[in-house]
Amino acid sequence: MRLGVDIGRVIIGGSAPGGGDTQFFSGDPAKMLATPAVPGAFEALARLVPRFEQVWLVSKCGERVQRHTRQWLDHHDFFGRTGIPRDNVRFCRARPDKAIHCAELGITHFVDDKLDVHAALRGIVEHRYLFGPQRTPPPAWVRHTLTWGEAEELLRRETTPGGTPRPAVGPGRRAG
């Protein structure tokens, strides 16, 4: 089993203190580095890493945001705190290209906050988790998790030998 995780709004939160949600992309370095982690991300990933053969970060962004992302991850000691190897990071320029990386890496479980990414992963990644609040109810072919606590619970249940996966979460149903 191999876990893939998006970075923006899944690991790195959406805004820096005193700034808008674009601070990470266009703010000064101090504000960019001050952007908080998504609550519970580091802790949940540290507990999940031992359950998987490999864990990879797969993110869509350009070169400047790649540099900022790596700076942020290093500044927050992400790799030391989670146990994910520093080299297990892949970047691509378009969201659907995450499917190429997932196929190459043999990703079996993926956490991302964008539905179009999960649509591109259908038929490639068996277990897909749509993370965070969404504007519309998610379709039944993806599991919706609002928090890292919910994501961790589903991932633990689905990676426990003999565990029984629950039906995917769709309109009117919540994970958990």
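Every number here is computed from the coordinates shown, using simple stated rules; none is lab data. Please read all numbers here as calculations on a predicted model, not as lab measurements. As a convention, Cβ positions derive from the backbone with ideal geometry for all residues, glycine included, and neighbour counts pool all protein chains shown.
With only alpha-carbon pairs counted, each pair once and no self-pairs, how large is the Kirkwood hydrodynamic radius of segment 2-158 in angstroms? Display every interim value, and only then the final one.
Values: mean 1/r = 0.0639 Å⁻¹.
After inverting the mean inverse Cα-Cα distance, the result is 15.6 Å.
Among the DSSP beta bridges whose two residues both lie in segment 2-158, what percent are antiparallel, rounded to the nearest 5? If you can, show how the numbers build up before the last one.
Details: 1 of 20 bridges.
Taking every DSSP beta bridge within segment 2-158, about 5 percent pair in antiparallel fashion.
Specify which residue in the list Ala44, His127, Gly14 is farthest towards the positive end of the charge dipole of segment 1-145, using unit charges on the beta carbon of Lys, Arg (+1) and Asp, Glu (-1), about the Cα centre.
Comparing the listed Cα positions along the dipole, His127 ranks first.
Among Val142, Val117, Val89, which residue has its Cα positioned farthest towards the positive end of the charge dipole of segment 2-158, with +1 placed on the Cβ of Lys and Arg, -1 on the Cβ of Asp and Glu, and the dipole taken about the Cα centre?
Checking the options against the dipole of segment 2-158, the answer is Val117.
Treating only the Cβ of Lys, Arg, Asp and Glu as charged (+1, +1, -1, -1), what charge dipole size does segment 27-147 show about its Cα centre? Round to the nearest 20 debye. Let's see the in-between values first.
Numbers: 18 positive and 13 negative charges, 47 e Å.
So the magnitude is around 220 debye.
Taking square-rooted eigenvalues a ≥ b ≥ c of the alpha carbon gyration tensor, is segment 78-153 rounded, prolate or oblate, where a/c under 1.5 means rounded and, failing that, a/b exceeding b/c means prolate? Numbers along the way, then the final one.
Numbers: a/c = 1.82, a/b = 1.19, b/c = 1.53.
Oblate is the answer for segment 78-153, as a/c is 1.5 or above yet b/c matches or exceeds a/b.
Name the aspartates and glutamates eligible as straight-distance cross-link partners of Lys60: C-alpha to C-alpha under 15 Å, and not fewer than 8 places from it in the same chain.
Asp6, Asp97, Asp112, Asp113, Asp116
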